[in-house]
Amino acid sequence: EIYSLHVDCKVTSRFAHTVITSRIVNRANESQEVTFEVELPKTAFITNFSMSIDGEVYPGIIKEKAAAQNEYDMAVSHGQSAGLVKITDRKLEQFHVSVSIAAASKVTFELTYEELLKRQLGKYELLIKVRPKQLVKHFQIDVHIFEPQGIRFLETDSTFMTNELTEALTKVQNETKAHILFKPTVEQQKKNSELDETLLSGDFVVRYDVKREATAGDIQIVNGYFVHYFAPQEMPVFPKNVIFVIDRSGSMAGRKIEQTMDALLKILQDLRPEDHFNFITFNNKVEEWKSSLLPATEENVASAAARVQTLTARGGTDISGALLAALGVLEKAEGLPERSVSMIVLLTDGQPTSGERNVEVIQENVQKAINGKYALFCLGFGFDVSYKFLEKMALSNGGIARRIYENADAALQLQGFFQEVATPILMQIEMQYPENSIEGLTKNNFKLFFEGSEIIVSGKISNELDLLPVEIKAQSHTSDLTLKEEANVKEKEQVFQNQRYVFGDFIERLWAYLTIQQLLEKAISAQEEDQKALEAQALNLSLRYSFVTPLTSMVVTKPSDQQQKELANKPTEAG
């Protein structure tokens, strides 16, 4: 019986630190296996886990992956355990551990994870998955948010709320802080008064955005580490030249091609009149809808929509031929707006089976042909795609990859993705800082900035700087911009001094989190020897700041009368 479940989440300037504590008692008169199961966002890194059984603590220890595997292999002579973490859906992974405890014994599980909230379509989203599977006497979710820039709006949303449960939810908010408390009694948790079934099953979501005054973004400093947030608003949007490259091979037949058609029809509606577009469909043959890019007038969009509705799926998959055809159309395009952004959006659900099949050769040819001029976005539909291949291709060509999960909302996933990249407002953004006084600077130049997102740069201020000057250079649709700002280091440090729930080194941990993510991303598209160096750096930071990343594992040790060791690894989308 879980008698207490507490989710405690502190968000300080977008960096979220979540601790989940579950207390379980064995009310049976013999020993029993109890389970701790938590779903956490894929974007988070686990930083800590422990279980304490009748006062004895068993901590999880984070080690380099091979060393952890080695320790596990030595402890376990028979069979492999499945590992403690697995991906459960498009946003979540699940941590699951079981332990056997004696009659009347108590166990406390505690899991901590951290993540940097990413701004998408104008808001940050904090997702807490709630699934206790039973009534819990003491159930509580506590979310504390501190945003020195000021909170512009804040909302909570949940897939399981009822009128009774709403009474258990309180929200207190001032200019820079918010506290959300959800504390339902056992009666409020019940589906109905006769049955002991819980209503609590699903998502508890907090969404918010911050106020933005300064044109050159906002700088925050704690203990010698700085973070710089930049999210300009209300700027003219670049016209887009976009080619959709759509897989219609046999495996797309049925639900997938229908959902793709649904999404494409909506996406076409969302194009702006100044955009240009075309689409190419492919199986083992490549078909161009038109031989050139057309302006997104009402007639052209209607004519494209009519063609989209006739799509059928059969045949093989010539990814290479289709992408090179799209690049050919962009290369020979004429009369496009002078300052515009060209992009290719590829949607496929399989491996290349026709034309060029060697993924390395395809990657090389595509990269050569793109030559830094266009952005390539790759959407992998389902689990038969080689996600690694799509991810490497996108990251090598200024885009991103996304897996589309085959469920009822696949069309919405596709639309949602396109909305994120539909409004480019800056390109060639360079964030400049005094070279000799910053160490460990994270990525500071960006090809494109889309409205509603945010650029984040972090680093360590090395010498005794009083003022941190920053300069941002970028191209907007109408002009070349230079923005300047100076941060007073002492004043900035003061902001966090008296906040009681700020964990002291949070900007340093944010810097480490961001650096690890960027090193791992860079490694995906790097040459082999560079890859090893990037991974070694990321491993070093993962161990130093105790993050479970794809390069580390957590060894969980249990009492001596059970299979003693288990491993928690970080799963990745590419598997």
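The values are calculated or read from the model by the stated rules, or taken from the named source; none is laboratory data. As the structure is a computational prediction, the values presented were derived from the model and not from experiment. Quick reminder, even Gly has a Cβ in these numbers, built from the backbone with ideal geometry, and neighbours come from all protein chains shown. To get the accessible areas, we keep the full protein, side chains included, count just its heavy atoms, and leave off ligands, DNA and RNA. Shrake-Rupley method; radii C 1.70, N 1.55, O 1.52, S 1.80 Å.
Quick rundown of the values:
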quantity	calculated
Which listed residue is modelled with pLDDT of 95 or more and surrounded by fewer than 17 Cβ atoms within 10 Å (Cβ to Cβ), from E486, E471	E471
Pair list, Cβ under 7 Å, 6 or more apart: region 248-262 residue closer than 18 Å to T353 by Cα, other residue open to solvent by 40 Å² or more (accessible area, probe 1.4 Å) and outside any helix (DSSP H, G or I)	R248/T312; S249/G315; G250/R314; G250/G315; S251/D384; A253/R314
Top-ranked residue in region 160-198 [being aliphatic (A, V, I, L, M) and in contact with a strand residue (DSSP E or B) (Cβ under 7 Å, 6 or more places away or on another chain); ranked as farthest from E37 (Cα to Cα)]	V172
Among (1) in contact with a strand residue (DSSP E or B) (Cβ under 6 Å, 6 or more places away or on another chain); (2) more than 28 Å from T215 (Cα to Cα); (3) modelled with pLDDT of 95 or more, the one test that Y501 misses	(3)
Boolean, P232 is within 25 Å of the chain's Cα centre (by Cα) and assigned to a loop (DSSP other than H, G, I, E, B)	yes
Enumeration of residues in region 140-165 that are of a type in the set (G, A, S) and part of a loop (DSSP other than H, G, I, E, B)	G150
Residue satisfying condition, being among the acidic types (D, E), farther than 25 Å from D89 by Cβ and assigned to a strand (DSSP E or B), within set E430, E364, E356	E430
Near pairs, Cβ below 9 angstrom, 6+ apart or cross-chain, from region 335-349 (within 18 Å of L448 (Cα to Cα)) to any residue that is basic (K, R) and buried (at least 17 other Cβ atoms within 10 Å of the Cβ)	S340/K240; V341/K240; S342/K240; M343/K240
Residue in region 335-344 that is surrounded by the fewest Cβ atoms within 10 Å (Cβ to Cβ), counting only those that are under 11 Å from N241 (Cβ atoms) and over 27 Å from the mean Cα position of the chain (by Cα)	G335
Which numbered condition Y387 misses (of (1) touching a Lys or Arg at 6+ places or on another chain (Cβ under 8 Å); (2) more than 30 Å from R509 (Cα to Cα); (3) open to solvent by less than 30 Å² (accessible area, probe 1.4 Å); (4) not charged (D, E, K, R))	(2)
Options K285, K290: the member that is basic (K, R), open to solvent by 40 Å² or more (accessible area, probe 1.4 Å) and under 18 Å from M252 (Cα atoms)	K285
Residue check for T482: part of a strand (DSSP E or B) and either touching a strand residue (DSSP E or B) at 6+ places or on another chain (Cβ under 9 Å) or farther than 27 Å from L111 by Cβ (or both)	yes
Residue that is farthest from A68 (Cα to Cα), among those in region 527-570 that are outside any loop (DSSP other than H, G, I, E, B) and of a type in the set (S, T, Y)	S542
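Each row is one residue, and each column tells you yes or no for (1) within 26 Å of the chain's Cα centre (by Cα); (2) not assigned by the TED database to the domain that holds V143.
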| residue | (1), (2) |
| --- | --- |
| K190 | no, no |
| E194 | no, no |
| V205 | yes, no |
| Y208 | yes, no |
| I221 | yes, yes |
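Here's the yes/no breakdown for (1) among the acidic types (D, E); (2) at pLDDT below 90; (3) closer than 25 Å to S22 by Cα; (4) outside the structural domain of E115 (by the TED database):
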{"site": "I62", "(1), (2), (3), (4)": "no, no, yes, no"}
{"site": "K65", "(1), (2), (3), (4)": "no, no, no, no"}
{"site": "N70", "(1), (2), (3), (4)": "no, yes, no, no"}
{"site": "H78", "(1), (2), (3), (4)": "no, yes, no, no"}
{"site": "L84", "(1), (2), (3), (4)": "no, yes, yes, no"}
{"site": "D89", "(1), (2), (3), (4)": "yes, yes, yes, no"}
{"site": "L92", "(1), (2), (3), (4)": "no, no, yes, no"}
